[in-house]
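Novice: Mind having a look at this structure? Questions to follow.
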Amino acid sequence: MSRQDDKRINRRNFLKTAGLVGVGSVIAAAKANAAEANEPNAPAAQPPIQKVPKRKLGKTGVEVSVLSLGLGRPAEPAVLRQSLDWGINHWDTSLAAGNGTSEQSIGEFIAKNPDRRKDIFLVTKENKSKTPDDLEKCLQTSLKQLNTNYIDLYFGVYMVNDMVRFTDDIKNWAQNAKKKGVIKHFGFTTHENMPQCLMAASKLDWIDAIMMKYDFRLMQDKQMQDAIDACHKADIGLIAMKTQSMRQRRGPADANAAAAEAEADKKMLAHFLEKGYTEGQAKIKAVMDDQRISTVCSSMTSTTLLMTNIAVALDKTKLAADDMDMLKQYAQATCSGYCAGCAHICEPVALGVPVSDIMRALMYHDSYGDVAQAKATFAEIPADVKQRLLSVDYGAAEHVCPNRMPIGKLIADAAAKLA
């Protein structure tokens, strides 16, 4: 038996046991095996839990788990505890997540387990700050809710789509906050115009880390790859989010296209099930195999999902060439439902409509089933823009869209579901 075969068998066993049954059963099974190997009446030894591997987060020098715990909602204590037990030290939340309830749930955990704070690389984000004073208020609120006196990584510029907000005032605030010890590292997040934002950030010496939307589809984008290379060379830590690459599903009016995409779904699913991966695991694995990415942030709200993703992180095999080819083919076959966040292309001809934000809101609703987040995102669109969403001609925007998305239909769908 080859080492590669051994790795695959170990992963398959872990998926069957941990991903589907739960960590308690994994430990119980290991105890039983240990007991069988000893005297019949001897107590079973507690088996060591494998730890998720770590990588350096750029210039911070900190070793973070390759799988990050995304906490967009209030966290269950069991999920938090088990993530630490398995070595997931990178926890990501935000001031806005769950209207502050996500931070509060982490704060409650830290209050009950103060000795575990040192094991957590805690990440949170500001919300709608326009000045350093706004930023300071956001930080102080987060510190209070998280029940901590410092943040390991603070994303002080949230949801960047251009570099206008990267002023000397913000730079000075970040440097002063570091000197005070209330934050250790500073960075930003981005969903839109990512290649442009990353490339510009690679030239700034005060950005420590960036969280970006990144998936198997964006792996095909040369501009994105060049920007990631530039940040990696600048030793900026890169955190990938939204790796599942959710797309908008076709409606009844697009029956032929919907059928073709459904066939592509089946083909990809069959391919990866044969390799021992679920669809979601394969998507995470593709990003995790990119050594330029320090950690993959995944929303894990249950212990079952937590263990399923841990199985991927512990897997020592890499996706093969035919696996990557399958993902590339799938990306091409289903691209017309996927918004790549290139707002600089479509929005200038969409008459002031924030197309990318609306697509993101619709994605939360349709793909993630997070109606509250979808409506909250849609609610941020100015009232006067909402009033004219259905009267705008989106023909020009659809023409320039690299993925040829039916933007007009999707915006009408979003308005009907979220307004």
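Novice: Considering only residues that are touching a residue at least 12 places away in the same chain (Cβ under 8 Å) and either over 27 Å from VAL123 (Cβ atoms) or surrounded by fewer than 20 Cβ atoms within 10 Å (Cβ to Cβ) (or both), which ones fall in segment 292-313? Lay out the reasoning, then the answer.
Specialist: So in segment 292-313, the residues touching a residue at least 12 places away in the same chain (Cβ under 8 Å) come out as 292-304, 306-313.
Selection gives ARG292, SER299, THR301, SER302, THR303, THR304.
Novice: Restricting to segment 380-419, name every residue that is part of a helix (DSSP H, G or I) and in contact (Cβ under 8 Å) with a residue 60 or more places away in the chain. Full working, then the answer.
Specialist: Going residue by residue through segment 380-419, those that are part of a helix (DSSP H, G or I) are 383-387, 389-391, 395-400, 407-418.
Once the filter is applied, which keeps residues that are part of a helix (DSSP H, G or I) and in contact (Cβ under 8 Å) with a residue 60 or more places away in the chain, segment 380-419 yields ILE407, LYS409, LEU410, ASP413.
Novice: Sticking with this one: Failed condition for THR377, given (1) closer than 18 Å to CYS335 by Cα; (2) part of a helix (DSSP H, G or I), with all others met?
Specialist: Only one criterion in (1) closer than 18 Å to CYS335 by Cα; (2) part of a helix (DSSP H, G or I) is unmet by THR377, namely (1).
Novice: Can you pull out the residues in segment 184-242 that are of a type in the set (Asp, Glu) and either part of a helix (DSSP H, G or I) or under 19 Å from LEU122 (Cα atoms) (or both)? I'd like the intermediate steps shown before the answer.
Specialist: Kept after step one, since they are of a type in the set (Asp, Glu), are these residues of segment 184-242: 192, 205, 208, 215, 221, 226, 229, 235.
Once the filter is applied, which keeps residues that are of a type in the set (Asp, Glu) and either part of a helix (DSSP H, G or I) or under 19 Å from LEU122 (Cα atoms) (or both), segment 184-242 yields ASP208, ASP226, ASP229.
Novice: Could you list all residues from segment 218-244 that are buried (at least 21 other Cβ atoms within 10 Å of the Cβ) and in contact with a Lys or Arg (Cβ under 9 Å, 6 or more places away or on another chain)? So that I can check it myself, show each step before the final result.
Specialist: Residues of segment 218-244 that are buried (at least 21 other Cβ atoms within 10 Å of the Cβ), as a first pass: 218, 224, 227-228, 231, 236-243.
Answer for segment 218-244, where residues must be buried (at least 21 other Cβ atoms within 10 Å of the Cβ) and in contact with a Lys or Arg (Cβ under 9 Å, 6 or more places away or on another chain): ILE228, CYS231, ILE236, GLY237, LEU238, ALA240, MET241, LYS242, THR243.
Each value in this text was obtained by applying a stated rule to the coordinates, not by laboratory testing. The model shown is predicted, which means the values in this text are computed figures rather than measured ones. Using ideal geometry, Cβ is built from the backbone for each residue, glycine included, and neighbour counts are taken over all protein chains shown.
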